[in-house]
Each structure stands twice: as C-alpha cells, then as structure tokens.
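One structure below.
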Amino acid sequence: MSLNRKWASNQQRALEILVRLKRLYPDAKCSLDYETTVQLLVATMLSAQCTDERVNKVTPALFARFPDAKALAQGDREELENLIHSTGFYRNKAKNIQGACQKIITEFNGEVPPYMDKLLQLPGVARKTANVVLAHGFGKNIGVTVDTHVKRLSNRLGLTEYSDPLKIERDLMRLLPQEDWENWSIRLIYHGRAVCKARKPDCQNCTLRDVCPYL
C-alpha cells in the first residue's frame, strides 16, 4: 500500500511517528545539566552551534564561578569568555549571557521570566532557547523547539515544506498534541543522531520507514 493511501493525512502520520518515537526513546529529557532556571537559560544559550555534551563539560566550572544571574551579570567578561571558550562563538555568547543576566536583575527581579514575550526581550534569546527554558524550567509547552536535527527530519518526514524555523514550528504545532511539543523535539534529535543522520540516513533500519516519504 502506498504511503499516501495508508496515511490519509500528515496529522495521522505525525501522530504515528510520535508513538514510535516514544517507544524508541522513552526517557527523552533535556540533556543539559543545570540546577536553576538561570543555569538552564545559560546552558541553552551556550548550546547554539555546540553539542550538549561539550556544554556539560564547560558548565560545572562556569557555574561554580558564576552560580546565579547576579554573579554572571557582574562577572569579568574576559574570565567568562575563557570559561566558555570551547563552546564556540564565545565572545558573542559571553556578551549575550551577561546582557541577559543584567536584564534579569534590573527588569525581572533577578528571576528568569516564565513568559515567551519576556524571554524574547533578553539578549541572545530567540524562540528556540525560550521554548527550552519554558518547557524544562517551568513545565510550559508554548512551542516546538526547532534545531538543525528537527529542521532536517521534519522535512524528510514530509511534515513541513519550509526551511524557516518559525514556519516549521507552526506546522508541527498544528500536527502534534501540545503536551508532546517539547519532548517531540528531543526524540527527533535523538533519532537524527542515531539513525536519520544528515549525510547518510540509515533508512533500511529505520522504524519510521513506512511512514516516511524520503525513501
């Protein structure tokens, strides 16, 4: 039976993919190490163009030296840059981290704001970072995190035709239950790393092959 005949709509396929991803990766959770929402925010900012594994090697020393928003906001920029150097783009990341923490201190009473519109006011914070912080720091699924893995797999799976992350996010939000928005992204990231790799996807051994139009 053809893909189109078996799966009448993209939403049916998306829900079937979700069920299978839950079976494959039952313990999907944020892989960044943190203790507070400020630390989650900073770790997520550091993960841009960097692996979570690398970030987790950097943050113990970083948070030991600068444990909260006040310490990060007032810390020596050069010292901060040295601590996060290996995550890449360290000068810009240090500038944004300090700018975000300064704004948290001056405008949000030292607390990470639990609202999308407020988070987007922080330097260096776009929807991807805000979605992660809201979901894992506050238990609020406001949107779908779209990173390079989610972008690639969403297109391969035929769930969107867009390359713009915001348009991809809107498509996925229409297809998936809200309670699964954030963990969908984590599971898709796991699958992108393990099976559906960028250059050579292992389609023959993929449990999604009959719901995927890529083959």
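With respect to Asn92, determine if the residue is surrounded by 15 or more Cβ atoms within 10 Å (Cβ to Cβ) and modelled with pLDDT of 95 or more. Considered against the rule, which asks whether it is surrounded by 15 or more Cβ atoms within 10 Å (Cβ to Cβ) and modelled with pLDDT of 95 or more, Asn92 comes out as no. Inspect the range 158-167 for any residue being surrounded by 22 or more Cβ atoms within 10 Å (Cβ to Cβ) and either free of Cβ contacts under 8 Å to residues at least 12 places away in the same chain or assigned to a helix (DSSP H, G or I) (or both) and give the result as yes or no. Checked the range 158-167: no residue is surrounded by 22 or more Cβ atoms within 10 Å (Cβ to Cβ) and either free of Cβ contacts under 8 Å to residues at least 12 places away in the same chain or assigned to a helix (DSSP H, G or I) (or both). Output the residues belonging to the range 120-144 that are open to solvent by less than 10 Å² (accessible area, probe 1.4 Å) and either assigned to a loop (DSSP other than H, G, I, E, B) or in contact (Cβ under 8 Å) with a residue 60 or more places away in the chain (or both). Correct list: Leu122, Val133, Gly143, Val144.
In summary, Pro213 fulfils each of the numbered conditions (1) within 19 Å of the chain's Cα centre (by Cα); (2) outside any helix (DSSP H, G or I) with the single exception of condition (1).
Applying the criterion of being in contact with a Ser or Thr (Cβ under 8 Å, 6 or more places away or on another chain) and in a helix (DSSP H, G or I) to the residues of the range 36-52, the residue that is most open to solvent (accessible area, probe 1.4 Å) is Asp52.
The residues of the range 6-35 that are of a type in the set (Ser, Thr, Tyr) and closer than 24 Å to Ala194 by Cα, listed by number, are Tyr25, Ser31.
The rows are residues; the columns are (1) assigned to a helix (DSSP H, G or I); (2) within 27 Å of Val125 (Cβ to Cβ); (3) open to solvent by 40 Å² or more (accessible area, probe 1.4 Å).
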position: Leu18; (1), (2), (3): yes, no, no
position: Ala28; (1), (2), (3): no, yes, no
position: Tyr34; (1), (2), (3): no, yes, yes
position: Val55; (1), (2), (3): yes, yes, no
position: Val58; (1), (2), (3): yes, yes, no
position: Ala61; (1), (2), (3): yes, yes, yes
position: Pro67; (1), (2), (3): no, yes, yes
position: Ala73; (1), (2), (3): yes, yes, no
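The residues listed here are Glu81, Glu111; of these, the one that is more than 20 Å from the chain's Cα centre (by Cα), assigned to a helix (DSSP H, G or I) and at negative phi is Glu81.
Restricting Asn205, Asn183 to residues that are open to solvent by 30 Å² or more (accessible area, probe 1.4 Å) and in contact (Cβ under 8 Å) with a residue 12 or more places away in the chain narrows the list to Asn183. Does Leu188 satisfy the criteria of being in a loop (DSSP other than H, G, I, E, B) and either touching a residue at least 40 places away in the same chain (Cβ under 8 Å) or open to solvent by less than 30 Å² (accessible area, probe 1.4 Å) (or both)? Spelling it out, it is not the case that Leu188 is in a loop (DSSP other than H, G, I, E, B) and either touching a residue at least 40 places away in the same chain (Cβ under 8 Å) or open to solvent by less than 30 Å² (accessible area, probe 1.4 Å) (or both).
The values are calculated or read from the model by the stated rules, or taken from the named source; none is laboratory data. As the structure is a prediction and not an experimental result, all values here were calculated from the model. Here Cβ is always computed from backbone atoms with ideal geometry, including for glycine, and neighbour counts include all displayed protein chains. Accessible surface areas use protein heavy atoms only, side chains included; no ligands, DNA or RNA. Shrake-Rupley method; radii C 1.70, N 1.55, O 1.52, S 1.80 Å.
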